[in-house]
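We did not get these values from a lab; they are worked out from the coordinates using the rules stated. Note that the structure is a prediction, hence the values are computed from the model and not measured. Cβ placement follows ideal geometry from the backbone for every residue including glycine, while neighbour counts extend to all protein chains displayed.
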Amino acid sequence: MEIATSGQELRRMTKALKRPMVLVPTMGALHAGHLALIAKAREVAGPHGTTAVSIFVNPIQFDRASDLAAYPRPLEDDLRACEAAGADLVFAPDAASMYAPDRSVTVTESLLSRGLCGAARPGHFDGVCTVVLKLFLLSGCEAAVFGEKDFQQLAVIRRMVRDLDLPVEIVAHPTVREPDGLAMSSRNVRLSPEQRAAAPAIRRALLQVAETSSTAAEACATARAIIEASGHARIDYLEMVDAETLQPVERVTSPALLAAAVFYGDVRLIDHIRIEP
Ligand code: PAF
């Protein structure tokens, strides 16, 4: 497995690599969910293609300095995990090599990124779009794999690819969960034992309302009650949105998503469920 630590080095290496190249963009602290994305990338790349993983804790997508500072960075473990998962190349730059001190260009998606996490975390999706575009350009990948857990990120990236005519196929992979239903996230390791025990309530709540609720107001009230009853939780948002436009809906007349963002202490977790009419 090859390792590049700057954009220049990556560009040089990728010239010699076999195509197609399939990229898995990550911020590291890899867990089984990431390994599933790498396995998917291997499958898409085929026996002769290249699977690349980027590991970069992107400072410009964090809205809270404390979250950026606390984000886990176990690089040695991550490199071992990438190698074991069959990655051919890892791109692990530092912030100084990705961003000039006087950088002044940002990529903005201005519709799908407005609500949900975009409203709760100002500037977050500008940071995501900017770094993902840079990763696509530096790697020259033909395809990239993203997890469906971050469904708004996936929708925003798909829109960026469509609107900027980027020659990159976006491949989605279903959310990978712990046995108790908690969506896997690099932030889970920061939960205290009590918070970790309470957090599966998010999934339980979403499953229950998907079965029983008819209106968005009813669904959000029921989910809120279940999550709050399990303790330690502060709800950032609970919202029902159209699955395509991500605009709020009052009832399910076409496929919808019930999306949740919940703080356990300083740790913010997200999850969602699809609801069919
Ligand atoms: O989903 C993530 O881990 C990040 O938002 C991404 C896509 C790697 C961009 O920094």
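Label points 7 Å out from Cα along the Cβ direction at Leu75 and Gln8: separation in nm?
1.8 nm
Once you have a ≥ b ≥ c as the square roots of the Cα gyration tensor eigenvalues for the stretch 142-277, tell me rounded if a/c is under 1.5, and otherwise prolate or oblate according to whether a/b is larger than b/c.
Because a/c hits 1.5 or more and a/b fails to exceed b/c, the stretch 142-277 counts as oblate.
Cross-link candidates for Lys149: which lysines have Cα within less than 21 Å, leaving aside residues fewer than 8 places away along the same chain?
Correct list for Lys149: Lys40.
Show me, for the stretch 168-179, the HN-Hα J-couplings you get by feeding each phi into the Karplus relation (A = 6.51, B = -1.76, C = 1.60, θ = phi - 60°), rounded to Hz, glycine and proline as x.
10, 7, 9, 10, 9, 10, x, 4, 9, 10, 5, x
Rg and Dmax of the stretch 1-160, using alpha carbons, in Å: what are they?
Using the Cα atoms of the stretch 1-160, the pair Rg, Dmax is 15.2, 42 Å.
Taking K and R as +1 and D and E as -1, what net charge do the other residues with C-beta under 14 Å from the C-beta of Val53 add up to?
-2
Given the Cα-Cα distance of Asp165 and Arg64 and 0.36 nm per residue of separation, how much length would full extension add, in nm?
33.2 nm
Can you tally the net charge around Leu164? Count Lys and Arg as +1, Asp and Glu as -1, for every other residue whose Cβ sits under 13 Å from the Cβ of Leu164.
Net charge around Leu164: +1.
Taking the mean number of other Cβ atoms within 10 Å as a proxy for protection, how do you rank 195-203, 64-72, 248-256 from highest to lowest?
For the peptides 195-203, 64-72, 248-256, the packing ranking is 195-203, 248-256, 64-72.
Hey, got the dipole for the stretch 117-178? About the Cα centre, +1 on K and R Cβ, -1 on D and E Cβ, debye to the nearest 20?
Value, rounded to 20: 160 debye.
Bin width 5 Å, origin at 0, all Cα-Cα pairs of the chain: what percent of pairs per bin?
Percent of pairs per bin, in order: 1, 6, 12, 16, 18, 17, 13, 9, 5, 2, 1, 0.
Using the Cα centre of the chain as the reference point, and only Cβ charges (+1 on K/R, -1 on D/E), how large is the resulting charge dipole? Debye, rounded to the nearest 20.
It works out to roughly 300 debye.
Can you list, largest first and rounded to whole Å, the semi-axes you get for the stretch 66-120 by taking the square root of 5 times each eigenvalue of its Cα gyration tensor?
Three semi-axes, in Å: 28, 17, 14.
Rounded, prolate or oblate: which fits the stretch 1-50 when a ≥ b ≥ c are the square roots of the eigenvalues of the alpha-carbon gyration tensor, with rounded for a/c under 1.5 and prolate only if a/b beats b/c?
Oblate is the answer for the stretch 1-50, as a/c is 1.5 or above yet b/c matches or exceeds a/b.
Taking the number of other C-beta atoms within 10 Å as the exposure measure, put Lys40, Lys134 in order starting with the fewest.
Listing Lys40, Lys134 from fewest to most nearby Cβ atoms yields Lys134, Lys40.
Shape verdict for the stretch 95-190, please, from the Cα gyration tensor: rounded (a/c under 1.5), prolate (a/b greater than b/c) or oblate.
Note, shape of the stretch 95-190 comes out prolate.
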